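Note sheet for the following structure.
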Amino acid sequence: MPNDSREEAADRARPSPARTPRPTPRPTPVPGLPSPVSLDVNTFIGAFPYRHLPHPDPDVLVRVLAREGVARAWVGHLPSAFHRDPSAGNAELLRALGPFAEVLRPAPVVRPDWPGWRESLGALVAAGVPAIRAYPQLWGMAAGDRQLVALAEACAGARCALVLTVRFEDLRQRHSLDVAPDLSAAHVRELARAAPGGRLVVTAAGKEFIEEVHWGLTPAERAHVFYDFSWIWGPPTDELAQLFRTIGSERFVYGTMWPLRLTQGARANLALLPGGGAGDALADVRGW
Amino acid sequence: MTVVAPLGGPGPLVDVHAHFFQPDGARADWAALNASRLSAGERIGITYHVASVLGSWGRESPTYFQSPRDTVPANDFALSMQRTHPDRVRSYVAINPNDTEFALGEMDRCVALGAIGLKLAAARRCDDPLLDPVIERARLHGLPVLHHIWQHRRRHWPSQDISDGGDLAVLARRHPQVSFILAHIGGGGDYAHTFAAVRDVPNIHLDLSGSGIDRGMLDDAVAAVGARRLLWGADITLCTGLAKLWALDVIGLSPDDLADVRWRNAARIFPTGAFPSLEPTPHA
């Protein structure tokens, strides 16, 4: 979905009660998917500092998911990625998603170099969040940073997924102030090796990144690392088909990067797999 | 036999920014890549791929600075794809304007063999008067000009003498009778800059191709230049092309607007008869 600005503007003009649980649009089968997809692991709400995002709001996301045939989403708070202290953004995220709890599950930020981060993590886990987001490349944390490892271990102990974001935008279009590097494959390898009991979900990684991580881990370590395919290409280079063939479709989860990117991208990628992806089972995310 | 509905929806569809790879190029898997494009095109419902081959794709001369020696077999290969798939493939003649006399001759040769458009990459910034003779020759042949563009050139990038929307606007204003296709608004850089740069240059059309699928890009393109100046295309990533087709379905375009973007604008700016299976369309 691009802007969807006209469609969404019409939607938003309709009155809807705030702060109360809302009827949830049901996902419907859509072309190109063995729908409904049960989980989109890579969505956000909120503004992006470097360009305007139309309607990055939870009520819009709920309608988009229904239209795209996706049952639930893990939702991050985009501004918090760029905040020094994520706590206010986390609170805002939990408040905003409250009315949509049936569909939208919060994925707040825990910054492991911040005082009291273990208590913050504990409170978020107690609140039932399924995943924690971390942005080591925005915090200046190198691969193997001991605090980052501690966060991964704590998430593993809490049976909470740790979501990493390789990039937010294509390198070629970034704002002149947006100079943070992409997440490195070494970051992921180090975390997978240090906290093998946890679940790492890597979003917006390209083919070479994924291959470098996967083949740089033992089979046991690989088993806990999952990737979305929001930044992997289909025909004619057929990168996604190749990765499904070489490292296995079960290493992949559905992720779209809404509202930064079109939600249709992931669906198109699956639809263009040989056989429409009918024989390619993604990771089993029941219970996630 | 079961008829499968095209993934890209019903109706004609022209990809104005396609590429094929060739045996003398840098990729050993050239045949598989070409087969994959054609196969995916069938599933998406692409009526015509309008394609170029950029020299040896870096093997003997740089992709964006192709030598004359690489140019001829590359164009020959594109034309051979057109002959092999007459119902699906059309070709651009791709040239490096620095070798101007050679380029003019190559244009004449390839048009005589069936090329329907001129492809210029990044061997010379496009506001340079050096391009004027080849653009004038394109006008004489009635060819639209697909020009590789970096959306907002803030600095030099390696391996390209890159142009942006502002540069193309300069060239297009010098040649108001020629239709220009500004390449891949999703192909890297800041498309918002492009929209502002070409908004008031009516002979520039924007092709939607490229791997970028930023939410908001399509709406902003429609708002900037209108559906009559947009052309669907995929470039190297057909998956993102399909995603954009699906997105076009939900941004509020009228059926007429959608048909313009999918194929009618292409039928208007390419030479009459370039797409025989498509219904006649009044030319621009």
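Looking at segment A:233-268, which chymotrypsin sites (Phe, Trp or Tyr not before Pro) are DSSP coil and have at most 11 other C-beta atoms within 10 Å of their C-beta? Answer by residue number: there is no such site. In the protein assembly as shown, taking the dipole from charged Cβ atoms about the Cα centre, the farthest positive-side position among A:A281, B:V198, B:Q151 is held by A:A281. How many percent of the alpha carbon pairs in chain A exceed a separation of 33 Å? Roughly 17 percent, once rounded to a whole number.
Taking 20 Å as the cut-off, no amide N atom of segment A:249-270 comes nearer than this to a point 7 Å along the Cα-to-beta-carbon line of A:R193. Cα centroid separation, segment B:1-39 to segment B:233-270: 16 Å. Between A:F252 and A:Y227, A:A283, the built amide H atoms are under 5 Å apart, and every one of these is 5 or more places off in sequence or on another chain. Here the Karplus relation 6.51 cos²θ - 1.76 cosθ + 1.60, evaluated at θ = phi - 60°, turns the backbone of segment B:5-14 into coupling constants of 5, x, 4, x, x, x, x, x, 8, 10 Hz, with x for every Gly and Pro.
With a Förster radius of 60 Å applied to the C-beta separation of A:W114 and B:S67, the computed FRET efficiency comes to 0.60. Our helix-only sum for chain B, with -39,500 (n - 2.57) per DSSP H run of n ≥ 4 divided by its residues, gives a mean residue ellipticity at 222 nm of -11000 deg cm²/dmol. Using helices alone, what [θ] at 222 nm do you get for chain A, with -39,500 (n - 2.57) per DSSP H run of 4 or more residues, divided over all residues and rounded to the nearest 500? My calculation for chain A gives -8500 deg cm²/dmol from helical runs alone.
Residues with beta-carbon under 15 Å from that of A:P106, excluding A:P106: net charge, scoring Lys, Arg +1 and Asp, Glu -1? Net local charge, A:P106 excluded: 0. Our coupling estimate for segment B:106-118, obtained by passing each phi through the Karplus curve with A = 6.51, B = -1.76, C = 1.60 and θ = phi - 60°, is 5, 4, 4, 4, 6, 5, 4, 8, x, 5, 10, x, 10 Hz, Gly and Pro reported as x.
Placing +1 on each Lys and Arg Cβ and -1 on each Asp and Glu Cβ, with no other charges, gives segment B:113-161 a dipole about its Cα centre of roughly 200 debye. With both labels modelled 7 Å from their Cα along Cα-to-Cβ, the A:T218 to B:R174 distance reads 6.5 nm. Excluding B:A196 itself, calculate the net charge of residues whose Cβ lies under 12 Å from the Cβ of B:A196, where each Lys or Arg counts +1 and each Asp or Glu counts -1. Net local charge, B:A196 excluded: -3. Given the options B:A234, B:W246, B:G189, identify the residue whose Cα lies farthest towards the positive end of the charge dipole of segment B:188-284 (+1 on Cβ of Lys, Arg; -1 on Cβ of Asp, Glu). It is B:A234, whose Cα lies furthest towards the positive end.
Look at the alpha carbon pairs under 8 Å that are at least 6 residues apart: their mean separation over the length of segment A:107-187 gives a relative contact order of 33 percent. Close amide-amide hydrogen proximity is noted between B:R90 and B:H49, B:V50, B:A51, each under 5 Å apart and 5 or more residues distant or on a separate chain (H modeled in the peptide plane; Pro and chain starts excluded). Neighbour counts of other Cβ atoms within 10 Å put B:H141, A:H83, B:H184, A:H52 in the fewest-to-most order A:H52, A:H83, B:H141, B:H184.
Counting 0.36 nm for each residue step from B:S254 to B:D200 and taking away their Cα separation leaves a gain of 17.2 nm. Which is farthest toward the positive dipole end of chain A among A:H187, A:L164, A:I232, measuring Cα position about the Cα centre, with Cβ charges +1 (Lys, Arg) and -1 (Asp, Glu)? Farthest along the dipole direction, towards plus: A:L164.
Under 5 Å between amide hydrogens, built in the peptide plane, is the criterion, and for A:D40 it picks out A:R72, A:A73, A:W74 among residues at least 5 positions away or on other chains. Dipole magnitude for segment A:5-277: computed about the Cα centre from +1 point charges on Lys and Arg Cβ and -1 point charges on Asp and Glu Cβ, it is near 540 debye. Taking all Cα pairs closer than 8 Å and separated by 6 or more residues, the relative contact order of segment B:14-269 comes to 15 percent. Taking other Cβ atoms within 10 Å as a rough exposure proxy, B:S52, B:S80 sort from fewest to most as B:S80, B:S52. For the protein assembly as shown, the Cβ-based charge dipole about the Cα centre amounts to some 900 debye (Lys, Arg positive; Asp, Glu negative; other atoms uncharged).
With both residues required to sit in segment A:5-277, DSSP beta bridges show an antiparallel share near 5%.
All of the numbers you see were taken from the coordinates with simple rules; none came from a lab. Predicted model only: the values in this text are computed from it and were never measured. Because the Cβ atoms are built from the backbone with ideal geometry, glycine has one as well, and the counts that use them run over all protein chains shown.
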